[in-house]
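Got a structure here, written out as structure tokens. Questions coming.
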Amino acid sequence: LLQHSSYNHSKNVKFFLPNHLTWVRNMATGRTVVGPTNKNKIVVVMGATGSGKSKLSIDLATRYFPNSEIINSDKIQVSKGLDITTNKISMSERRGVVHHLLGEFSSEFSPSDYRSVASDRISDIISRNKLPLIVGGSNSFIYGLLSNRFEPVLDVFDKSNPVQCVSKELRYNCCFIWVDVLTPVLNQYLYKRVDEMMKSGMYEELEEFFEENGFSGSNSASRHSGLRKAIGVPEMERYFEKYKNCTVEEKCRLYEEAVREIKENTRQLAEKQIWKIQRLREAGWDLQRVDATEAFTAAMMTENGKIPATEVAAIWEKQVVQPSVKIVKSFLLD
Ligand code: ATP
């Protein structure tokens, strides 16, 4: 039956299929075959900020599972604007992969809002026989979307609540990939990323943002309430507020202080995100850890000319992409 299914289907011959089989789109090839129902199957790529979730999801979607569409699960990136400051994946980096809930909204999202909007997108993607990839670092959104017993008033990531309050029952059939990078290596990369973001337009983007929308104490302060919480916004607001009446030396000092704060807040964000991921794991969520440390270490060495870029790509492929492909393939065939 499996061998001849494509042929028979193309001739429109109808079979009575057993319950666990159906006509399905093979996620890897895009061809329709007879196979296990893909109903409610989703892939979730988790990890701290900067750990390579977007890069991995694009590799999976473009090279191995071309029927995928990505749903963003970063609470700040849901909002329109400040694309550099919030680190949104650029159009060219998306490589044609459809992205949902990325820079689509002007208002702030709660985990309940996300649960409702993202589950509609999942239904839509699945109804078109495609595979939803949930990608992003907001664990409260991921939990809100996936847990079967979601209570908006209960913060399962509050340290004073026991781990038992985390629901193990999920609304979907999920495959979780946790992209992890050892803390000292990740921190080194995050600090460098802040410098690069500043050089590539974050400063100008924020200068324009405050010119157009005012500082938090102003009448227009409620505009873009979600974006105002993004790392980089409050720190640079303090700088821009003081900057006009300063000497050059003071400006330099204020700028360095703001950058230092952004780095420290980013480091703390990554630490909190990893803690939340570990909590979900401890509660029994089946998160499959993929270690990207070696690829990150190598990537940072290319800049000193110590390792060629092709070697970094090979390490990423071997250590991160291939293990992830294996995990997703076995999940889809299950
Ligand atoms: P919580 O609900 O406790 O805020 P969470 O898991 O929903 O946690 P995180 O994604 O960890 O959300 O974000 C926590 C905070 O980190 C945000 O409120 C924001 O200050 C900052 N942050 C998160 N993502 C970004 C981003 N892409 N750009 C800038 N800042 C971010």
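Sort out which residues of region 59-86 are in contact with a strand residue (DSSP E or B) (Cβ under 8 Å, 6 or more places away or on another chain) and assigned to a helix (DSSP H, G or I), and write them in order of number.
60, 61
Between residues in region 145-160 that are within 21 Å of residue 74 (Cβ to Cβ) and residues that are assigned to a loop (DSSP other than H, G, I, E, B) and within 14 Å of the ligand (Cβ to nearest atom), which pairs lie under 7 Å by C-beta distance while being six or more apart or on different chains?
155/161; 156/166
In region 265-305, which residue that is of a type in the set (Phe, Trp, Tyr) and under 16 Å from residue 186 (Cα atoms) is farthest from the ligand (Cβ to nearest atom)?
Going through the qualifying residues, I end up with 296.
Something else about it: With respect to residue 137, is the statement that it is at pLDDT 95 or above, within 14 Å of the ligand (Cβ to nearest atom), surrounded by 17 or more Cβ atoms within 10 Å (Cβ to Cβ) and assigned to a helix (DSSP H, G or I) true?
no
Sort out which residues of region 158-172 are of a type in the set (Gly, Ala, Ser) and open to solvent by less than 40 Å² (accessible area, probe 1.4 Å), and write them in order of number.
167 - this is the single residue of region 158-172 that is of a type in the set (Gly, Ala, Ser) and open to solvent by less than 40 Å² (accessible area, probe 1.4 Å).
Looking only at region 87-111, which residues are in a loop (DSSP other than H, G, I, E, B), more than 10 Å from the ligand (Cβ to nearest atom) and modelled with pLDDT of 95 or more?
89, 90, 95, 96, 97, 98, 101, 102, 103, 104
Here is a follow-up. Please identify the pairs in which a residue from region 243-265 that is over 14 Å from residue 203 (Cα atoms) has its Cβ atom under 6 Å from the Cβ atom of a residue that is part of a helix (DSSP H, G or I), counting only partners at least 6 apart or on another chain.
Close Cβ pairs (under 6 Å, with a partner that is part of a helix (DSSP H, G or I)) amount to 261/235; 263/191; 263/194.
For region 189-199, check the following and say yes or no: at least one residue is assigned to a loop (DSSP other than H, G, I, E, B), away from the ligand (no atom under 13 Å from the Cβ) and surrounded by fewer than 20 Cβ atoms within 10 Å (Cβ to Cβ).
Checked region 189-199: no residue is assigned to a loop (DSSP other than H, G, I, E, B), away from the ligand (no atom under 13 Å from the Cβ) and surrounded by fewer than 20 Cβ atoms within 10 Å (Cβ to Cβ).
Is it true that residue 227 is within 16 Å of the ligand (Cβ to nearest atom), over 30 Å from residue 298 (Cβ atoms), in contact with a strand residue (DSSP E or B) (Cβ under 6 Å, 6 or more places away or on another chain) and in contact (Cβ under 8 Å) with a residue 60 or more places away in the chain?
yes
Picking from 155, 74, 120, which residue would you name as being buried (at least 18 other Cβ atoms within 10 Å of the Cβ) and of a type in the set (Asp, Glu)?
None of the other options fit; the residue is 74.
Taking residue 248, is it over 17 Å from residue 187 (Cα atoms), open to solvent by 50 Å² or more (accessible area, probe 1.4 Å) and of a type in the set (A, V, I, L, M)?
Criteria met by residue 248.
Failed condition for residue 175, given (1) touching a residue at least 40 places away in the same chain (Cβ under 8 Å); (2) assigned to a helix (DSSP H, G or I); (3) open to solvent by less than 70 Å² (accessible area, probe 1.4 Å); (4) away from the ligand (no atom under 15 Å from the Cβ), with all others met?
(2) is the only condition that residue 175 fails.
The values are calculated or read from the model by the stated rules, or taken from the named source; none is laboratory data. Since we're looking at a predicted model, the values are computed, not measured. Heads up, the Cβs are rebuilt from the backbone with ideal geometry, glycines too, and the neighbour counts pull from every protein chain shown. Just the protein is used for accessible areas: all its heavy atoms, side chains included, with ligands, DNA and RNA removed. Shrake-Rupley method; radii C 1.70, N 1.55, O 1.52, S 1.80 Å.
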